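Written below as structure tokens is the structure these notes are about.
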Amino acid sequence: MNAAPERVEHQMTDKGYVPIYTTAVVEQPWADYTETDHQVWATLFERQRELLVGRASEEFMRSKRAMGMTADRIPKFDDLNRMLRAATGWELIGVQGLLPELDFFDHLANRRFPVTWWIRKPEQLDYLAEPDLFHDLFGHVPLLMNPVFADYMAAYGRGGVKAHAIGPEALVNLTRLYWYTVEFGLIREPEGLRIYGAGILSSKGESIHCLESAAPNRIGFDMERIMQTRYRIDSYQKTYFVIDSYEQLMEATRPDFTPIYARLAGQPSHPAGAVLSGDAVFNRGTGEGWASEGDV
Ligand code: HBI
Ligand code: FE
């Protein structure tokens with residue numbers, strides 16, 4: 001097994017410096033995971049499973065149970081693939097880590113979800129600057145069992161390939177859509193606001209913060225508003241966008257985005273903490289304790 005992930009370079013992206021890895025697809029080196037690796041998985045899994053009761057979208061909790069993920073061992077991609085392929089035609093592929101955006105989009109467009117093969121170290125339990133196996137497998141994968149969300153992710157990938165051909169500004173707009181939905185999205189359910197974004201689901205602190213803190217704004221989903229809104233990569237989000245349903249998300253990606261990009265081109269973007277007159281505001285955050293507006 002590769003002793004360590006093959007990192008290509010730190011690339012300056014609109015999210016600041018992020019490590020970009022080789023794009024090779026790798027077999028999950030399951031037999032080589034150490035007891036410590038399995039223990040890290042167990043600790044993170046148990047902690048989030050308890051924390052997410054009453055906080056995560058019902059669809060996430062149901063799908064996670066359906067996949068048979070447990071705390072005691074790191075799941076095998078092959079086991080999960082049998083269920084995923086049957087449910088929505090998706091499959092997991094092992095990767096070294098963050099991929100260049102076009103590679104990532106192309107995988108999504110073909111219903112392949114890239115999952116980092118390595119898991120964080122015990123000393124990184126609470127914060128990691130890049131996606132690891134826990135973030136990808138626990139945060140992103142269960143909802144791929146939901147047919148509507150699975151279709152959204154494939155449509156998003158196709159949109160990403162197109163945006164990449166249009167140019168960098170379109171790509172930034174589309175990356176913001178991913179950020180505020182797939183990574184940090186909230187959904188309105190009968191019992192109240194619930195989490196579906198993987199970046200929150202795999203984070204203890206943000207699972208609590210996003211629903212219970214007075215600091216962030218919580219605003220109704222508006223795709224163009226999201227495409228114009230910058231975000232943070234190094235702190236809790238200042239704004240969370242709330243969808244009414246996964247169908248709403250799927251509907252939003254039906255139209256061709258090209259005219260939308262054209263309309264947004266050259267328009268100023270909004271700071272992550274902005275609240276605008278047209279916003280459907282669930283609550284206007286107090287913003288206390290926010291760092292400067294140094295967001296992307
Ligand atoms: N690569 N492996 C991996 N996983 C991601 O979630 C990922 C990526 N590359 C780019 C990326 N996400 C984001 O920039 C998306 O908004 C495209
Ligand atoms: Fe992610």
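The values are calculated or read from the model by the stated rules, or taken from the named source; none is laboratory data. Predicted model only: the values in this text are computed from it and were never measured. Here the Cβ positions follow ideal geometry from the backbone for every residue, glycine too, while neighbour counts run over all protein chains shown. Heads up: the accessible areas ignore ligands, DNA and RNA and are worked out on the full protein's heavy atoms, side chains in. Shrake-Rupley method; radii C 1.70, N 1.55, O 1.52, S 1.80 Å.
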Mind listing the Cα extents of segment 24-131 along all three principal axes, in Å, largest one first?
34, 30, 26
Could you tell me which GluC sites (Glu not before Pro) in segment 66-124 are loop residues by DSSP with no more than 11 other beta carbons within 10 angstrom of their beta carbon?
none
Please work out the Cα center distance from segment 68-125 to segment 130-158, rounded to the nearest Å.
9 Å
Mean 1/r over distinct Cα pairs of segment 162-209, inverted to a Kirkwood Rh in Å, yields 12.0 Å
Carbon + sulfur, % of accessible area of segment 11-290 - ligands and nucleic acids excluded, 1.4 Å:
53 percent
At 0.36 nm per residue, and after removing the present C-alpha to C-alpha distance, how many nm does the segment from Ala280 to Glu189 gain when stretched out fully?
31.1 nm
Accessible area expressed per residue, the chain, with surrounding protein chains retained (probe 1.4 Å, Å²)
42 Å²
With no solvent and one equal point scatterer per Cα, compute the Debye intensity ratio I(q)/I(0) for segment 207-296 at 0.19 Å⁻¹ and report its log10, rounded to two decimals.
-0.96
Membrane-span-like helices in the chain: DSSP H runs reaching 18 Å or more (Cα, own axis), mean Kyte hydropathy at least -1.0?
35-52, 147-166
Given a Förster distance of 25 Å, the FRET efficiency implied by the Cβ-Cβ spacing of Asp72 and Val25, rounded to the nearest 0.05, works out to 0.40
Normalised contact order of the chain, rounded percent, pairs of Cα under 8 Å and 6 or more residues apart
17 percent
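Could you order peptides 215-222, 159-166, 124-131, 199-206 by the average number of other Cβ atoms within 10 Å of their residues, highest first?
Per-residue Cβ counts within 10 Å, averaged per peptide and sorted highest first, yield 199-206, 215-222, 159-166, 124-131.
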So what's the net charge close to Leu211: Lys and Arg +1, Asp and Glu -1, counting the other residues with Cβ under 14 Å from its Cβ?
+1
For the chain, the Kirkwood Rh over every pair of distinct alpha carbons, in Å, works out to 19.5 Å
Once Rh is set to the Kirkwood radius over Cα pairs, what Stokes-Einstein translational diffusion coefficient, in µm²/s, holds for segment 195-243 at a temperature of 20 °C and a viscosity of 1.002 mPa s?
188 µm²/s
